[in-house]
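Since the structure comes first, as structure tokens, the remarks are kept for the end.
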Amino acid sequence: MIYWFTGQPGSGKTTLANALKKVLELRGYSTFHIDGDDLRTITGNFDYSEAGRKNNMAAAQGLATKIHAEGIFVIAALVSPYRRLRDDFKKRETVIEIYVHTTEVRGREAHFVNGYEPPQEDFVDIDTTGMSVDDCIQTILAASPLPTSRYFRRGETFANDHYAMFIGRWQPWHTGHRWLIEQALKEGKKVLICVMDVPISEKNPFTPQQVCEKIGFALKDLINEGRVKTMVIPAVESVNFGRSVGYSIIEHFPPHDIMSISATKIRESEQLNGEPLFPST
């Protein structure tokens, strides 16, 4: 999909765009960031009249369309003040429009665009006044869930790869889980970690997206090497297969120090100590 950040200068568009790019890449997605100022430097368009701004928006939208067609997530951050051009773009492409604004004075008010037109429908509203970057990103992801039925980007082939699949809630991810997947990695296998999409509760304090982010941060080197991937799947009640299906069900028996690790105790300990269950990455 295309994430389109719009809003006046100084509202936090670029900061959030960079943070979202980091989160998506930690989860294994390919991304491309289009910054309005950088694009002007590349195209040589330093015309800030209405015509110049429209040309910059058109260039950004054309570039986003081209990159998106390659199955890459696009994150664009530019003032893009004209609602009709943004609305037309949303009709043509899979776009999440994110309106970023604030009541704080941040020193960029002299660069505000006269006649900026805020979105009226089909957008994510982000008021960065007093909000942390993490809270903003979680709001964006909650309003625009990442695809789960087809996690891997288009064009990626798996014909020559074999994966050891691990299914769980991973609430929270801990050392015992790491030991578990390492048993497959030691055998030279690639690992697919499937995160079950379960409702938030005392037992499951994280959304599946937060779990993927936590795993992505903990295993970022393995993910960057292409040895580990994560995927969100529906809650699994059982694993079933017919005869000669080409794969095995393997049980791993961890040593006592690993077996004794309890996700429940970790959750309770963090709650009692007042530590964040999901620390910022």
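The values are calculated or read from the model by the stated rules, or taken from the named source; none is laboratory data. Predicted model only: the values in this text are computed from it and were never measured. Glycine also receives a Cβ, built like all others from the backbone with ideal geometry; neighbour counts cover every protein chain displayed.
What the table shows:
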item	result
Pick from segment 90-124, criterion of a type in the set (D, E) and under 16 Å from I75 (Cα atoms), ranking: surrounded by the most Cβ atoms within 10 Å (Cβ to Cβ)	E97
Selection within segment 1-21 - farther than 25 Å from G107 by Cβ and either β-branched (V, I, T) or surrounded by fewer than 21 Cβ atoms within 10 Å (Cβ to Cβ) (or both)	M1, I2
Residue in segment 204-214 that is free of Cβ contacts under 8 Å to residues at least 60 places away in the same chain, farther than 26 Å from I140 by Cβ and not in a loop (DSSP other than H, G, I, E, B) present	no
Those residues of segment 67-83 which are of a type in the set (A, V, I, L, M) and out of contact with any Phe, Trp or Tyr (no Cβ under 6 Å at 6 or more places or on another chain), in sequence order	A69, L78, V79
Filter pass, L180 being part of a helix (DSSP H, G or I), modelled with pLDDT of 90 or more and assigned by TED's automatic domain parsing to the domain that holds V232	yes
Members of segment 240-262 that are of a type outside the set (S, T, Y) and either within 26 Å of E213 (Cβ to Cβ) or modelled with pLDDT under 75 (or both)	R243, V245, G246, H252, P254, I258, M259, I261
Residues of segment 49-74 satisfying the condition of being of a type in the set (A, V, I, L, M) and under 18 Å from the mean Cα position of the chain (by Cα)	A64, I67, I72, V74
Identity of the residue in segment 34-43, charged (D, E, K, R) and in a helix (DSSP H, G or I), that ends up surrounded by the most Cβ atoms within 10 Å (Cβ to Cβ)	R40
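Matching residues to (1) more than 24 Å from D197 (Cβ to Cβ); (2) free of Cβ contacts under 8 Å to residues at least 24 places away in the same chain; (3) assigned to a strand (DSSP E or B); (4) acidic (D, E):
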| residue | (1), (2), (3), (4) |
| --- | --- |
| G226 | yes, no, no, no |
| I233 | no, no, yes, no |
| V236 | no, no, no, no |
| R243 | yes, yes, no, no |
| P254 | yes, no, no, no |
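Yes/no per residue for (1) of a type outside the set (S, T, N, Q); (2) free of Cβ contacts under 8 Å to residues at least 40 places away in the same chain; (3) part of a helix (DSSP H, G or I); (4) farther than 27 Å from Q120 by Cα:
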{"site": "F5", "(1), (2), (3), (4)": "yes, no, no, no"}
{"site": "G10", "(1), (2), (3), (4)": "yes, no, no, no"}
{"site": "T14", "(1), (2), (3), (4)": "no, no, yes, no"}
{"site": "N18", "(1), (2), (3), (4)": "no, yes, yes, no"}
{"site": "V23", "(1), (2), (3), (4)": "yes, no, yes, yes"}
{"site": "Y29", "(1), (2), (3), (4)": "yes, no, no, yes"}
{"site": "F32", "(1), (2), (3), (4)": "yes, no, no, no"}
{"site": "N45", "(1), (2), (3), (4)": "no, yes, no, yes"}
